[in-house]
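Below is one structure, written out as structure tokens, with a few remarks after it.
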């Protein structure tokens with residue numbers, strides 16, 4: 001019996017890969033609020049509640065655009081973008097006293113201390129790890145700047161907490177889309193070992209301006 005040659009299974013051609021150049025800029029804000037509550041009883045038997053709240057705002061924006069080449073249709077790319085960061089903060093201390101005795105009838109006390117604004121230098125890292133996904137993270141240029149306008153209520157989140165956003169991947173290959181705005185927003189809530197509650201929100205916009 002003769003040997004019959006079977007036709008090979010048809011294979012779809014691989015999608016053509018190319019790179020597209022963009023200028024990348026970044027702007028956004030990261031806010032952290034740390035709240036610590038302490039309850040005690042003073043010498044007069046009054047209940048004392050001390051609330052220590054620290055708020056820090058880090059506003060950041062590109063110092064100069066960074067050129068990046070994006071591989072399409074996959075959409076993978078990474079860019080380090082220099083950013084200027086402005087740090088400011090407010091520390092609020094509230095003390096309330098209550099109890100049945102007349103000595104406990106006292107007006108609440110509130111004090112506020114402002115910090116900044118202080119100008120810092122940092123880097124934002126923009127990654128396009130997969131089609132339609134953008135990830136942003138970052139760091140400050142000087143480690144000591146992490147303590148600028150820090151809260152006495154508890155440790156703050158570092159700059160910049162990694163977060164991601166989604167967008168239509170087809171925009172990368174659409175040459176009529178000369179400017180692509182990619183946005184992300186995230187909220188992180190946790191409790192520190194001291195019992196303080198920490199809430200951090202991040203909002204940002206990454207702009208890709210087509211160069212080719």
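Please treat every number below as a calculation from the coordinates, not as lab data. What you are looking at is a predicted structure, and each value in this text was computed from that prediction instead of being measured. Methodologically, a virtual Cβ is constructed for each residue, glycine included, from the backbone with ideal geometry; neighbour enumeration extends over all protein chains shown.
Be a star and scan the stretch 192-212 for residues whose amide nitrogen sits under 18 Å from the point 7 Å along the Cα-to-Cβ vector of residue 67.
208-212
In nanometres, what is the gap between the two model label sites at residue 29 and residue 164, each 7 Å from Cα along Cα-to-Cβ?
According to this spin-label approximation, the distance is 2.6 nm.
Multiplying the sequence separation of residue 197 and residue 176 by 0.36 nm and subtracting their Cα-Cα distance, what value in nm do you get?
Here the segment from residue 197 to residue 176 would lengthen by 2.9 nm.
With a point put 7 Å past each Cα toward its Cβ, work out how far residue 19 is from residue 112 in nm, to one decimal.
5.1 nm
Determine the relative contact order of the chain: mean sequence separation of Cα pairs under 8 Å and six or more apart, normalised by residue count, in whole percent.
24 percent
For residue 130 and residue 96, compute 0.36 nm times the residue count separating them, minus their Cα-Cα distance, and round to one decimal in nm.
Separation in residues times 0.36 nm, less the Cα-Cα distance, equals 7.0 nm.
Separation between the residue 88 and residue 190 pseudo-spin-labels, each 7 Å from Cα along Cα→Cβ, expressed in nm?
So the two model labels end up 2.8 nm from each other.
Which one of 82, 102, 65 has the biggest mean-square fluctuation once the chain is modelled by GNM with Cα springs under 10 Å?
Maximum fluctuation in the GNM of the chain, among the listed residues, is at 102.
For a quick check, take a GNM of the chain with Cα springs below 10 Å and name the residue from 88, 176, 139 with the largest mean-square fluctuation.
Among 88, 176, 139, the largest GNM mean-square fluctuation belongs to 176.
Largest first and in whole Å, give the semi-axes of the chain's equivalent ellipsoid, each being the square root of 5 times a Cα gyration tensor eigenvalue.
Taking √(5λ) for each eigenvalue gives 53, 22, 12 Å, largest first.
Find how many whole Å separate the alpha carbon centroid of the stretch 18-57 from the alpha carbon centroid of the stretch 158-212.
Using only Cα atoms to place each centre, the spacing works out to 20 Å.
Build a GNM of the chain with springs between Cα atoms under 10 Å: which of 175, 127, 56 gets the top mean-square fluctuation?
Evaluated over the chain, the most mobile residue of the options is 175.
Once you have all Cα-Cα distances for the stretch 20-140, histogram them in 10 Å bins from zero and send the whole-percent values.
Final binned percentages: 12, 27, 19, 15, 12, 9, 4, 1.
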